[in-house]
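The values are calculated or read from the model by the stated rules, or taken from the named source; none is laboratory data. Quick caveat, the model's predicted, so the values are computed rather than measured. Using ideal geometry, Cβ is built from the backbone for each residue, glycine included, and neighbour counts are taken over all protein chains shown. Quick note on the areas: whole protein, heavy atoms, side chains included, nothing else; ligands and nucleic acids left out. Shrake-Rupley method; radii C 1.70, N 1.55, O 1.52, S 1.80 Å.
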Amino acid sequence: MVSLEPGREQWASRLGFILAAMGSAVGLGNVWRFSYVTGENGGAAFLLIYVAFIILIGIPIIMAEFTIGRKAQSDAVGSFEKLAPGKPWKVAGLMGVGAAFLILSFYGVIAGWISYYFVNYLTGSLWSAPAEGYESFFVSFITNPVQPLLWQFIFMALTIGIVFVGVKKGIERSNKILMPLLGVLLIVLSIYSLTLGGAQEGLAFLFTPDWNALKDPNIYLAALGQAFFSLSLGMGALITYGSYLSNKERLPGAAASVATLDTLFAIVAGLMIFPAVFALGMDPAGGPGLVFMVMPDVFDSIGFGGIFGLLFFFLLAAAALSSAVSLLEVAVAYFIRKFSWSRKKASLIIGSLIFALGIPSSLGQGVLSNVRIIGGRDILDSIDFIASNIFLPLGGLIIALFMGWGWKKADALRDSDFGDTVLGNIWLFLIRWIAPIFIFAVFLSSIGLF
């Protein structure tokens, strides 16, 4: 039995844990990224493959991360050091901490933009189109050297504040409020979107597959990449959250709940966005700017659009906050153990460092826009590429191999709560063979070797 680290917190309830893990998974990936990636990859055919990958790869790796974290009762790096001392498996944890730094650095920038839009809807400034139009409004804001940094700072301060307070009083309590509220808001906005006149086209786009699209290998790679990003796999967040669980909680049900709710959240987000896009004759493959330049146009053209714009950007900001908290917690938990720092000290120091790391990503939209790092990408996209296409897949691959091959079969089945059952053996087969093969294929594709 692995000992509990001194002073280590635990979740107050199973529901609190599931909502927190869901908060980690549910973020900009479910609304902002899911909508444009689905749009760019043909809609329903992409969705079908995405759901298949969630079942075949997403849930098995969630189970692996929860099992590793709960067994070790430590952070993303400490878990591997406890379970496999002296062996190189901890590289996966180090990659998770590194990915948390990198992803949160640019995530905070984008979340700052969202916060700015939310406040502008709150004050009524964006209830009607600006004189220069929504596109120019967005571009002039993100290229400003000062304003985006201010909003990035405000967002990061909120994130640091929640992690600063602790697991039960900060992370768990905030997600108990945010997650149900997000669910209600998303359903309300989706129902309204279905009344706009584009419901038939939107539903067909999302649920009637073009089977010819399945011939394109890129759709499979895009779907697996989105599943990885959406579920927060490979970044150590689910290992860290799993480490705050007691042994009395059953892991398979928790993993299935998180994956199911996360996927439903993404699908309902599609129901919110695509009918509105089709109702106004816009392109569903609008790319990353869909949220900032297309959706405000949608709200401007409908009755009570300002109110729905306000709700939409609050939804995005809250979803971003729940994910940002989990990313910061990965790094904070590591530094608390590694250097015996207090939670308050670790939160302030690491949060401040991540904010500073994000400054070039913000300035890269304006004064540093001529700086290109990886394959012609700007600073923000380059950091995103390193984290999302290298750190996360490799971290996920090592986690799958560690769970599947680094543990004895009997131990893995026992510690996962499956026991020697049909489901348990299917899970081990998926984690040993299917997940590593597909993750490695995505990794090779993402770096241009496949």
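Go through PRO296, ALA317, ALA254 and say which Cα lies farthest out towards the positive end of the charge dipole of the chain; charges sit on Cβ, +1 for Lys and Arg, -1 for Asp and Glu. With unit charges placed on the Cβ atoms, the residue in question is ALA254. When the charge dipole of segment 307-402 is built from unit charges on Cβ atoms (+1 for Lys and Arg, -1 for Asp and Glu) and taken about the Cα centre, the candidate among TRP341, ILE374, SER388 whose Cα reaches farthest toward its positive end is TRP341. The reciprocal of the average 1/r between distinct C-alpha atoms defines the Kirkwood hydrodynamic radius, which for segment 25-171 equals 18.9 Å. The residues of the chain present an accessible area of 38 Å² per residue when probed at 1.4 Å with all protein chains retained.
Overall, segment 45-183 carries a charge dipole of about 720 debye about its Cα centre when +1 sits on the Cβ of Lys and Arg and -1 on the Cβ of Asp and Glu, all other atoms neutral.
Could you compute the FRET efficiency for VAL371 and SER342, with r as their C-beta to C-beta distance and R0 at 30 Å, rounded to 0.05? Working from the Cβ atoms, E equals 0.20.
For TRP127, the accessible area of its heavy atoms, probed at 1.4 Å with every protein chain present, is near 120 square angstrom. Using the Cβ-Cβ distance between PHE429 and THR195 with R0 set to 45 Å, the FRET efficiency from 1/(1 + (r/R0)^6) comes to roughly 0.50.
Listed by chain and number, the lysines placed with their C-alpha closer than 28 angstrom to that of LYS71 are LYS82, LYS87, LYS90, LYS168, LYS169, LYS176, LYS248, LYS338, LYS344, LYS345, LYS408, LYS409; residues fewer than eight positions away on the same chain are left out. If I build a Gaussian network model for the chain, linking alpha-carbon pairs within less than 10 angstrom, which residue out of PRO360, PRO296, PRO209 has the largest mean-square fluctuation? Among PRO360, PRO296, PRO209, the largest mean-square fluctuation in the Gaussian network model of the chain belongs to PRO209. Counting only protein heavy atoms and a probe of 1.4 Å, the accessible surface of segment 1-130 is 66% carbon and sulfur. With a Förster radius of 60 Å applied to the beta-carbon distance between LEU15 and ILE447, the computed FRET efficiency rounds to 0.90.
Placing a pseudo-label 7 Å from each Cα along the Cα-to-Cβ vector at VAL51 and LEU280 gives an inter-label distance of 2.8 nm. A 1.4 Å probe over all protein chains sorts ARG250, ARG14 by accessible area into ARG250, ARG14, starting with the largest. Largest first, the residues PHE313, PHE137 sort by 1.4 Å accessible area into PHE137, PHE313.
About its Cα centre, the chain has a charge dipole of approximately 1780 debye under the convention of +1 per Lys or Arg Cβ and -1 per Asp or Glu Cβ, with nothing else charged. Rg and Dmax, both from the Cα atoms of segment 184-272 and both in Å, are 17.1, 51.
For every other residue with a beta carbon closer than 14 angstrom to the beta carbon of GLY404, add +1 if it is Lys or Arg and -1 if Asp or Glu, then tell me the sum. Around GLY404, the surrounding residues sum to 0. Under a GNM of the chain (C-alpha, springs under 10 Å), which listed residue has the highest mean-square fluctuation: LEU380, LEU178, LEU15? Greatest mean-square fluctuation among the candidates belongs to LEU15.
Placing unit charges on the Cβ atoms only, positive for Lys and Arg and negative for Asp and Glu, gives segment 288-347 a dipole magnitude near 700 debye about its Cα centre. Checking the a/c ratio against 1.5 first, then a/b against b/c, what shape does the Cα gyration tensor give for segment 235-383? Oblate is the answer for segment 235-383, as a/c is 1.5 or above yet b/c matches or exceeds a/b. Span-like helix check, the chain: qualifying full DSSP H segments, with Cα axial length of 15 Å or more and mean Kyte-Doolittle of 1.0 or more, are 14-25, 91-122, 147-165, 173-193, 251-279, 305-339, 343-363, 435-446.
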